[in-house]
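Student: This is the structure I want to talk about, given as structure tokens.
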4 protein chains.
Amino acid sequence: MDDKKKKITLSAMKVFQNKGLEKATVSDIVKGAGIAQGTFYLYFPSKLSVMPAIAEVLVERTIKTCEKSMDWTMPFENQLEHFLEIVFQFTKEYRDIYALIYAGMGSSKQLDVWEAIYEPYYELIGNMLAKAKQRGDVRDQLIPKRSAALLIGLFESAAEQSFLYDNADEKAIQLKKNEALDFALHALGCFS
Amino acid sequence: MDDKKKKITLSAMKVFQNKGLEKATVSDIVKGAGIAQGTFYLYFPSKLSVMPAIAEVLVERTIKTCEKSMDWTMPFENQLEHFLEIVFQFTKEYRDIYALIYAGMGSSKQLDVWEAIYEPYYELIGNMLAKAKQRGDVRDQLIPKRSAALLIGLFESAAEQSFLYDNADEKAIQLKKNEALDFALHALGCFS
Amino acid sequence: MDDKKKKITLSAMKVFQNKGLEKATVSDIVKGAGIAQGTFYLYFPSKLSVMPAIAEVLVERTIKTCEKSMDWTMPFENQLEHFLEIVFQFTKEYRDIYALIYAGMGSSKQLDVWEAIYEPYYELIGNMLAKAKQRGDVRDQLIPKRSAALLIGLFESAAEQSFLYDNADEKAIQLKKNEALDFALHALGCFS
Amino acid sequence: MDDKKKKITLSAMKVFQNKGLEKATVSDIVKGAGIAQGTFYLYFPSKLSVMPAIAEVLVERTIKTCEKSMDWTMPFENQLEHFLEIVFQFTKEYRDIYALIYAGMGSSKQLDVWEAIYEPYYELIGNMLAKAKQRGDVRDQLIPKRSAALLIGLFESAAEQSFLYDNADEKAIQLKKNEALDFALHALGCFS
DNA sequence: AATGAATGAGTATTCATTCAT
DNA sequence: TATGAATGAATACTCATTCAT
């Protein structure tokens, strides 16, 4: 990605996170990026149009974290637990901005844009499930890539609920994690 | 709910749906509600504060639909499938506004408000699972109410992904439904 | 005219005169009118849309000046000369703003608006010519109202040229006046 | 004129005509001229400074049209009518841009610039009147060059009024032409 | 309770102009 | 000469909110 575009994206991420969608100003963003006001519009047509670029960064980071920290030789159950941890960690850190991205999706009717962004994420988790399937750790009929999407959705929902309702309560969060993991293990047929 | 408050809420729902969070104006809302500009502020302290009332309406409608159309004597699998249909239907119709509510949650730090709103929804689905547990249709260790939250999250994610990525393709949507149902049935231990 | 609308119009006139079309700001205008920024837009949809209201004021003033200072019993030649003086005087005072109105006409494609504004002016001068015709001071075939428009156009052109090219030279201006008057007297058939 | 300068001028003419003074951008102009943004400023110090060059082009074209199509041996009345036609035609085609030039004159206080530009136009029509005078077709006391300015002003006013008020009505336009011609013929003493 | 005219703070966006190449 | 990326000042307009009636 173009250097300036990247700078803008990262600055926008911080600003949106701190101030929310409406309070965030382009002025804040360019100040953070160290560029002039007008330069912003050479790279993005509007304030909201930075959203997909931010989503891309988040997906990249999630994938990178998974790839770096995941030990593919671990028992599948441990892999799943580790992935759950990552999802909770990212949700905690970026939940505000996820909401904005989510809200921004509606406006931009270019759905294929979003699909392209999340594709590598589904691919990665799909691969994890495929390997587990080869090893017989999950049920036979499972379609790895498609289940990956459901799994990610499940974990993200759980994390979101966790931070939304049980906010600072560490115990409740741990409980939620256990339940989500149990729910997923059954769903994937790890106990059959 | 007060008649005027209800009018405002319903009008706001339409306006937010059509115009999005930022383009929607209080002026639009009051026009739709047939009241004066100032009257809005007798019922809501700010534009965004209508959001919880809208969420409440959506939850009410979902619950009412479930209660009306659900046959609690059906086999559990059919109940689950029926519930899935309802989630997909509501997501399709209200997905734009769900996103706004979701994004609005972040701003309003009164998390207990949101919890209170969704509570009856979790209660309803929790009851469904509880009955299924009594009949031995789901696994023994399952905690009905807590699994309800995960189940709802799963189905909503699936529906959201469906309408986000596979937009108008009826076939893909059906496939997604089947997978989500299968995923849930395993998760709930219906096959063990 | 509404009191606030009038205040805005008069303030805008001054501001446009002093700063020109582009340098004039709505902020200047409302400051001069002693109202809030937003109030401007309750009365005019845009900065340029004040132009017709300004034109109306100018026409009103011209007419009022004619009516007050014109002695309808004077010999026609003297009446014409007096009218010429008035045109030169108004052109000198308002020439900058006339140019803006003129330029603004193009944008506003509601030509009937302009016609309605200038109508009473043509009416007034038309009446002057009609009376002169009755008295046999101008040629018989003359159509008063239609000639009025040509006469006004001629005098305004003359004045405009005068102040545009011969700017501060009082002698040249006097010469121009004489020629314009002579030209008009011949055109109206006062010498035949 | 330098080739690039000419290109810029012609492009600016089109852009100003289509978009008006404020909406027209240097970016539009250079795009139309097929040159780079910065190149504009090698030939003109500012956006508005193109205006005199445009006026020059218009005067040139008017003169060229007169010289090409005018038969100086025709009876004077016919010459005058032909000239009137040309004025109406040019006004119709360029009236939007005339207004801008007119408005632009005020800003640029270099009045001598404008005088120099229009000088050859007055010269041309002045010559026409001088010849007519020699032939006894107009009154004796007439000062050709000075009357030329009044004549041009009269015809331009008539045309402007015509297109401003009677816009598309061909009949009304014809009527206006007849009246303007009659007015001018009397003014010039062709009937005495 | 209801009104709606008035407010005025707030900002995305534009674009004339510059300047390093 | 020519370029066009970068600049950043400048402003029309919006709209949530208030308050006198």
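The values are calculated or read from the model by the stated rules, or taken from the named source; none is laboratory data. The structure displayed is predicted, hence computed values, not measured ones. Methodologically, a virtual Cβ is constructed for each residue, glycine included, from the backbone with ideal geometry; neighbour enumeration extends over all protein chains shown.
Student: Among the candidates B:Ala99, B:Ala116, B:Ala172, B:Ala132, which residue alone is in contact (Cβ under 8 Å) with a residue 24 or more places away in the chain and of a type in the set (A, V, I, L, M, F, W, C)?
Tutor: Of the residues listed, the single one that is in contact (Cβ under 8 Å) with a residue 24 or more places away in the chain and of a type in the set (A, V, I, L, M, F, W, C) is B:Ala132.
Student: Can you find, within region B:1-13, the residue that is nearest to DNA strand F (Cβ to nearest atom) among those that are surrounded by fewer than 17 Cβ atoms within 10 Å (Cβ to Cβ) and closer than 12 Å to B:Val50 by Cα?
Tutor: The qualifying residue nearest to DNA strand F (Cβ to nearest atom) is B:Lys5.
Student: What is the one condition in (1) at pLDDT below 95; (2) within 16 Å of DNA strand F (Cβ to nearest atom); (3) more than 17 Å from the chain's Cα centre (by Cα) that C:Met74 does not satisfy?
Tutor: Only one criterion in (1) at pLDDT below 95; (2) within 16 Å of DNA strand F (Cβ to nearest atom); (3) more than 17 Å from the chain's Cα centre (by Cα) is unmet by C:Met74, namely (2).
Student: Next question. Quick one: how many residues across region B:2-20 are within 13 Å of DNA strand E (Cβ to nearest atom) and hydrophobic (A, V, I, L, M, F, W, C)?
Tutor: 1
Student: In this structure, is A:Pro75 at negative phi, surrounded by 19 or more Cβ atoms within 10 Å (Cβ to Cβ) and not acidic (Asp, Glu)?
Tutor: No; evaluated as a whole, the condition is false for this residue.
Student: On the basis of being modelled with pLDDT under 95 and within 27 Å of C:Phe76 (Cβ to Cβ), does C:Glu115 make the cut?
Tutor: no
Student: Shifting gears a bit: Going by the conditions given, is C:Ala130 assigned by TED's automatic domain parsing to the domain that holds C:Asn178 and at pLDDT 95 or above?
Tutor: yes
Student: Can you name the number of the only condition in (1) buried (at least 19 other Cβ atoms within 10 Å of the Cβ); (2) within 16 Å of DNA strand F (Cβ to nearest atom); (3) of a type outside the set (S, T, N, Q) that A:Leu84 fails?
Tutor: For A:Leu84, the failing item is (2).
Student: Consider region A:20-43. How many of its residues are on the phi > 0 side of the Ramachandran plot and more than 25 Å from the chain's Cα centre (by Cα)?
Tutor: 1
Student: A further question follows. For region A:137-182: of the residues being of a type in the set (Phe, Trp, Tyr) and more than 22 Å from B:Tyr165 (Cα to Cα), which is farthest from the other protein chains (Cβ to nearest Cβ)?
Tutor: Among those residues, the one meeting the criterion is A:Phe163.
Student: Quickly run through region C:21-48 and pick out the residues that are among the small types (Gly, Ala, Ser), surrounded by 14 or more Cβ atoms within 10 Å (Cβ to Cβ) and within 11 Å of DNA strand F (Cβ to nearest atom).
Tutor: Residue satisfying the conditions is C:Ala24 alone.
Student: Please go through region A:166-177 and pick out each residue that is closer than 18 Å to B:Ile143 by Cα and at pLDDT below 90.
Tutor: Residue satisfying the conditions is A:Asp166 alone.
Student: Then there's this: Test B:Leu185 against the stated conditions and say whether it is facing chain A (nearest Cβ under 10 Å), more than 21 Å from A:Leu188 (Cα to Cα) and surrounded by 18 or more Cβ atoms within 10 Å (Cβ to Cβ).
Tutor: Spelling it out, it is not the case that B:Leu185 is facing chain A (nearest Cβ under 10 Å), more than 21 Å from A:Leu188 (Cα to Cα) and surrounded by 18 or more Cβ atoms within 10 Å (Cβ to Cβ).
Student: For B:Lys68, state whether it is more than 18 Å from the chain's Cα centre (by Cα) and of a type outside the set (A, V, I, L, M, F, W, C).
Tutor: no
Student: Does at least one position in region B:77-99 carry a residue that is in the same structural domain as B:Leu175 (by TED's automatic domain parsing), modelled with pLDDT under 90 and among the small types (Gly, Ala, Ser)?
Tutor: Yes, there is a match, as at least one residue in region B:77-99 is in the same structural domain as B:Leu175 (by TED's automatic domain parsing), modelled with pLDDT under 90 and among the small types (Gly, Ala, Ser).
Student: Exactly one of (1) over 12 Å from the mean Cα position of the chain (by Cα); (2) hydroxyl-bearing (Ser, Thr, Tyr); (3) away from DNA strand E (no atom under 16 Å from the Cβ); (4) within 12 Å of another protein chain (Cβ to nearest Cβ) is unmet by B:Ser46. Its number?
Tutor: Here B:Ser46 clears every test but (3).
Student: Would you mind finding the one in C:Ala53, C:Ala99, C:Ala103 that is away from every other protein chain (no Cβ under 13 Å), away from DNA strand F (no atom under 14 Å from the Cβ) and touching a Phe, Trp or Tyr at 6+ places or on another chain (Cβ under 8 Å)?
Tutor: C:Ala53
Student: Next question, about the same structure. Considering only region A:146-154, I want to know if a residue exists there that is within 16 Å of A:Met128 (Cα to Cα) and among the β-branched types (Val, Ile, Thr).
Tutor: Yes: one or more hits.
Student: Outside any loop (DSSP other than H, G, I, E, B), within 14 Å of chain D (Cβ to nearest Cβ) and within 12 Å of DNA strand E (Cβ to nearest atom) - does that describe any residue in region C:34-43?
Tutor: No - not one qualifying residue is present in region C:34-43.
Student: Of (1) surrounded by 13 or more Cβ atoms within 10 Å (Cβ to Cβ); (2) without any contact (Cβ under 8 Å) to a residue 24 or more places away in the chain; (3) among the basic types (Lys, Arg), D:Lys64 satisfies all except one. Which?
Tutor: (1)
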